[in-house]
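Peer 1: Got a structure for you, questions after.
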């Protein structure tokens, strides 16, 4: 079955601009979580959406926002980009999988954002 | 809140030897403990997970052990191979309605 799809894979933006990243989860998964990953900083949780509602939120400024559509696809937006926003942004979907009793995440390959 | 500590941050082992990565969690209500492997340029991939009602789980060369009393769990990789080189993350969760709390990651290097 198709995995988690993130678009675009790479992005270069200028300070002050805004950016929108997209994530299509595994079919049937209703939860989508977003993470920021920078070298040496591990996985920093941004937010989670479940059935179009934000269910959990990490400690990021309000410049980071997201939404989820009725088909479970999700977008995240970063406004007024700063140099420190350069990172790999990962999306993960989760849901009860018929083949295995797990609520583990399936990650996409990420969007590499570079702010110059 | 929940905190997960992971050690070591870097682990270098000879090919064919075993590797062990340990994680400690703080919230005794945590009941789900997955391990992820992240290869260069890719997103993390779930490799094994364990629930709190089980003490050990194996999948070929990989095993995870859980000690609920001490609140720690470990990943064991036997007969390491070059393709095991990656960053490994542990995580803990109280259930599907809660977010995963992640360890900081361990860079595993397999020396030929």
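The values are calculated or read from the model by the stated rules, or taken from the named source; none is laboratory data. Note that this is a predicted model, so its numbers are computed, not measured. Methodologically, a virtual Cβ is constructed for each residue, glycine included, from the backbone with ideal geometry; neighbour enumeration extends over all protein chains shown.
Peer 1: Considering only the stretch A:48-62, state which residues are within 10 Å of residue A:34 (Cβ to Cβ), touching a residue at least 24 places away in the same chain (Cβ under 8 Å) and assigned to a strand (DSSP E or B).
Peer 2: Correct list: A:49 only.
Peer 1: Now for a separate question. Checking residue A:71 against (1) more than 14 Å from the chain's Cα centre (by Cα); (2) closer than 22 Å to residue B:103 by Cα: exactly one of these is not met. Which one?
Peer 2: (2)
Peer 1: Okay, moving on. How many residues are in contact (Cβ under 8 Å) with a residue 60 or more places away in the chain and either away from every other protein chain (no Cβ under 13 Å) or surrounded by fewer than 19 Cβ atoms within 10 Å (Cβ to Cβ) (or both) if we restrict to the stretch B:31-60?
Peer 2: Residues flagged as in contact (Cβ under 8 Å) with a residue 60 or more places away in the chain and either away from every other protein chain (no Cβ under 13 Å) or surrounded by fewer than 19 Cβ atoms within 10 Å (Cβ to Cβ) (or both) within the stretch B:31-60 amount to 1.
Peer 1: Considering only residues of the stretch A:27-45 that are facing another protein chain (nearest Cβ under 10 Å), assigned to a strand (DSSP E or B) and under 20 Å from residue A:114 (Cβ atoms), which is farthest from the chain's Cα centre (by Cα)?
Peer 2: Keep residues of the stretch A:27-45 that are facing another protein chain (nearest Cβ under 10 Å), which gives A:31, A:33, A:35, A:37, A:40-45.
Checking which are assigned to a strand (DSSP E or B) leaves us with A:31, A:33, A:35, A:37, A:42-45.
Adding the requirement that they be under 20 Å from residue A:114 (Cβ atoms) leaves A:35, A:37, A:42-44.
Working: A:35: 6, A:37: 11, A:42: 15, A:43: 11, A:44: 11 Å.
Looking at the filtered set, the residue picked out is A:42.
Peer 1: Sticking with this one: Go through (1) over 24 Å from residue A:31 (Cβ atoms); (2) at pLDDT below 95; (3) assigned to a strand (DSSP E or B) one by one and return the number of the condition residue B:46 breaks.
Peer 2: With respect to (1) over 24 Å from residue A:31 (Cβ atoms); (2) at pLDDT below 95; (3) assigned to a strand (DSSP E or B), residue B:46 is out only on (1).
Peer 1: Going residue by residue through the stretch B:4-17, is there one that turns out to be touching a helix residue (DSSP H, G or I) at 6+ places or on another chain (Cβ under 8 Å) and farther than 27 Å from residue A:90 by Cα?
Peer 2: Step one: filter the stretch B:4-17 for residues touching a helix residue (DSSP H, G or I) at 6+ places or on another chain (Cβ under 8 Å), giving B:15.
Restricting the remaining residues to those that are farther than 27 Å from residue A:90 by Cα gives B:15.
Yes, because at least one residue in the stretch B:4-17 is touching a helix residue (DSSP H, G or I) at 6+ places or on another chain (Cβ under 8 Å) and farther than 27 Å from residue A:90 by Cα.
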